[in-house]
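This report concerns only the one structure given below.
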Amino acid sequence: MRRESCIPVAKKSRIKRFGKNRYFVLLSTFPKRKDAERVAAGLIEKRLAACCNLIPGLTSFFRWKGKKERSREFLLLIKTEGDRLEEVRNFLRTHHPYELPELIGLPIAAGDSRFLSWITKESH
């Protein structure tokens, strides 16, 4: 099912950040595997993310345009630095098949310093 927005999305909206976290795992769902793979490849190619993981087999339950919906989806986990959030958001808005793509950022509170340094190196 393709989600269509019933509310206009402001073109100048920004990513809201809480705190000064440097590293993030971003979540975004997709209707088809090929869409998620295409976006993941683009994020890696443009160095907006160091790594993307694709998790198949989700069943999402949500309300859309006043109706309860159920949809099979694919979850993309995107590992990146906080200074890339706006660019990732812009990339998703351009390349995501949903009119209103999910983009939720979870700050990485702790991690192996070598892995976090790798995120920095590969997302710039």
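Within the range 19-44, the set of residues being farther than 17 Å from residue 96 by Cα and surrounded by fewer than 14 Cβ atoms within 10 Å (Cβ to Cβ) comprises 19, 20, 22. Scanning the range 45-74 for residues that are out of contact with any helix residue (DSSP H, G or I) (no Cβ under 8 Å at 6 or more places or on another chain), surrounded by 15 or more Cβ atoms within 10 Å (Cβ to Cβ) and closer than 19 Å to residue 105 by Cβ returns 60, 73. Among the residues in the range 73-87, are any charged (D, E, K, R), part of a loop (DSSP other than H, G, I, E, B) and more than 14 Å from the chain's Cα centre (by Cα)? Among the residues of the range 73-87, not one is charged (D, E, K, R), part of a loop (DSSP other than H, G, I, E, B) and more than 14 Å from the chain's Cα centre (by Cα), which makes the answer no. Pairs linking a residue in the range 84-95 that is more than 17 Å from residue 38 (Cα to Cα) to a residue that is outside any helix (DSSP H, G or I) and hydroxyl-bearing (Ser, Thr, Tyr), with Cβ atoms under 8 Å and 6 or more positions apart or on different chains, are 84/123. With the structure loaded, tell me whether residue 123 is in contact with a helix residue (DSSP H, G or I) (Cβ under 6 Å, 6 or more places away or on another chain) and at pLDDT below 95 or whether it fails that test. Yes: the conditions hold for residue 123.
The values are calculated or read from the model by the stated rules, or taken from the named source; none is laboratory data. For clarity, every value in this text was computed on a predicted model and none was experimentally measured. Cβ coordinates were reconstructed from backbone atoms using ideal geometry, including for glycine residues, and neighbour counts include every protein chain displayed.
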